[in-house]
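Only one structure is covered here, and it is reproduced in the block below.
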Amino acid sequence: MDIIDNFIAPPCKDLVHVLYQDEAILLINKPSGLLSLSGKNPLNRDSVHFRLVHGQLLHGPLGVSPAFADAKLPHRLDFGTSGMMLVALTPHATAQLNKQFQDGFVQKHYTAMLEGWVSADEGLITAPIAKDKSQFPLVKICHSCGKAASSQFKVLERLSEPKRSLVQFTPLSGRTHQLRIHSLSIGHPILGCDLYHSATSQQLAKRLLLHASDIYFTHPLTGEPCHGHFASPF
């Protein structure tokens, strides 16, 4: 059965910020509301990759950044998620970084605002995730057919009116929509999420309140440990 994706991304005028650049890699901040890769539909051409390759709506430390014709994305962020992305600029860097992601050597921290007060100060969510073919692009928690998925969390702050929890997530696996479905599974969906929400959580924010704040990896040329950070805007 062919799955049809009718999603059309609204225009995103926010810039992609180039935070660090050398001959092998870029570290960038992706705005919420921008695809990581262009879609098959020509109306979804705008994306992080498209802007990098064509030098459009990019901003670096010295102003407007140039095009990066050979840029590759060893990982992606969801359309609504903002934050740190690592970009490879050479075939060698692409191969090295792809292997780091595949082998689980790259660590990421996310900041999220959840509905309600999470009772535990920290913990581990272990709930297997499977594709939901009847409701594309959703995934579901399925203990019989799902793939293992684990997410560490730590409550950073509990807020009132309405009750919310600012949480740091560290995903220990990389399943599609993992943090969003795991948050819903513990009864505290991420505010602004259009796919996994309660009766009220989607209306409590204008965007998905999920931000990739930190990424830890090994530089593909020097072998040195690297840490990219961009603070959450919420």
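Nothing in this text is a laboratory measurement; each read-out follows from the coordinates by a stated rule. None of these values were measured; they are calculated from a predicted model. No Cβ is skipped: glycine too gets one built from the backbone with ideal geometry, and neighbour counts run over all protein chains shown.
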Let me make sure I get this right: for the range 1-150, a, b and c are the square roots of the gyration tensor eigenvalues over alpha carbons, sorted descending. Under 1.5 in a/c it's rounded, otherwise prolate if a/b > b/c, else oblate. Which is it?
prolate
Two-site label geometry, Ser134 and Lys147: point separation in nm, points 7 Å out along Cα→Cβ
2.3 nm
Taking θ = phi - 60°, what integer Hz values does the Karplus form 6.51 cos²θ - 1.76 cosθ + 1.60 yield along the range 104-111, in sequence order, with x for Gly and Pro?
x, 8, 9, 10, 10, 10, 10, 9
Picking from His49, Pro11, Leu159, whose Cα lies most toward the positive end of the charge dipole for the chain (charges on Cβ: Lys, Arg +1; Asp, Glu -1)?
Pro11
In order through the range 113-120: 3J(HN,Hα) via Karplus (6.51 cos²θ - 1.76 cosθ + 1.60), integer Hz, x for Gly, Pro
9, 9, 6, x, 9, 6, 5, 7
Largest first, please: the extent of the C-alpha atoms of the range 110-166 along each principal axis, to the nearest Å.
37, 22, 18
For the range 127-234, size of Cβ-based charge dipole, Lys and Arg +1, Asp and Glu -1, in debye:
360 debye
Those aspartates and glutamates that a straight Cα-Cα span of less than 16 Å connects to Lys133, excepting residues fewer than 8 apart in one chain:
Asp2, Asp5
Using 0.36 nm times the number of residues separating Leu221 and Ser36, minus their current alpha carbon distance, what extension gain do you get?
64.2 nm
What is the projected area of the convex hull of the Cα atoms of the range 16-105, averaged over all directions, in nm²?
5.9 nm²
Note to self, the chain gives a 222 nm [θ] from helices alone (DSSP H runs n ≥ 4, -39500 (n - 2.57) apiece, / all residues, nearest 500) of -3500 deg cm²/dmol
Inverse of mean 1/r across different Cα pairs in the range 72-207, Kirkwood, Å:
16.0 Å
Divide, for the range 54-98, the radius of gyration over alpha carbons by 2.2 N^0.38 Å, where N is the residue count.
1.27
Rounded to the nearest 0.05, what FRET efficiency do Ser173 and Lys13 have when you use their Cβ-Cβ distance and R0 = 35 Å?
0.55
Strictly over 19 Å apart at the Cα level, which of Lys13/Lys206; Lys154/Lys206; Lys30/Lys140; Lys30/Lys154; Lys30/Lys206 would you flag in this model?
Lys154/Lys206; Lys30/Lys140; Lys30/Lys154
Applied in sequence order to the range 190-205, the curve 6.51 cos²θ - 1.76 cosθ + 1.60 (Karplus, θ = phi - 60°) yields integer Hz couplings, x standing for Gly and Pro, of 6, 5, x, 6, 8, 9, 10, 8, 9, 5, 10, 5, 5, 7, 8, 8
What is the Cα centroid distance between the range 171-234 and the range 1-80, reported in whole angstrom?
17 Å
Chain lengthening between Leu124 and Lys163 when straightened (0.36 nm per residue, less Cα-Cα):
11.9 nm
